Amino acid sequence: MLGRARGFVKGRPASQKVGGGVAAALLASAPFGGLAAVPEPGPEPIAKGKAVMVGPYEVVVDQVVELPDLKPAVSPEPSERVVVVDMKVTLTGDRPEYAVTLTKNVSLTGGGVEVVDGPDLYFVEDATRMSNINPGLTYRLALTYTTSGPWQGDSVTVSSNLVEFREEDKQTLDPDAWVARDKIQSRGTFPLVRRS
């Protein structure tokens, strides 16, 4: 019987032999996770000076700073603080885009405090609040969050959502738009710089 099995295998084409070998290897490795699904990759790391994409925006985070205020742009209550993500932003598309696409898709965690206002986006040079961003220019921007009190701990985790472009669709009232998905695309931890 063993001889007939050998003859049967020898008579098979090479593609069937390889397929059979792969199937046998998978079955042999099943108790060790050979048939387990490949895990989905985690978020892309955000690091100081490294560009990540948030929808149409190329974002480079330089630092995260806590301040008592950011006058004249942000004036919180005395017990509150302002946490600022200091970053450079370049719109890579060919048309102006709303800044809300950026502000609504970047978040902070890890401080044990509540965000009571923001995020808001300001041009660092003159404290102008940004509502639109023009293509082809790199802006130094302050993404501000007003917190209920001092940040607890020495680090801040910055995360960004996956934001995808939705092509024109006859069934939607909002064609050619950037749409956020409920998925973290990038995440990184930064030391918190405290300034008085």
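The values are calculated or read from the model by the stated rules, or taken from the named source; none is laboratory data. Keep in mind it's a predicted model, so treat the numbers as computed, not measured. Note that we place each Cβ from the backbone using ideal geometry, even for glycine, and neighbour counts take in every protein chain shown. The area values use the complete protein model at the heavy-atom level, side chains included, leaving out ligands, DNA and RNA. Shrake-Rupley method; radii C 1.70, N 1.55, O 1.52, S 1.80 Å.
Just a few scattered comments:
- Per residue value of the accessible surface for the range 58-196 (all protein chains in place, 1.4 Å probe), Å²: 55
- Annotation note: chymotrypsin sites (Phe, Trp or Tyr not before Pro) in the range 84-175 located in DSSP loop regions with a Cβ neighbour count of at most 14 within 10 Å are absent.
- Carbon and sulfur %, accessible surface of the range 55-185 computed with the full protein complex present, 1.4 Å: 46
- Relative contact order, whole percent, for the range 87-196 stands at 28, derived from Cα pairs under 8 Å and 6 or more residues apart.
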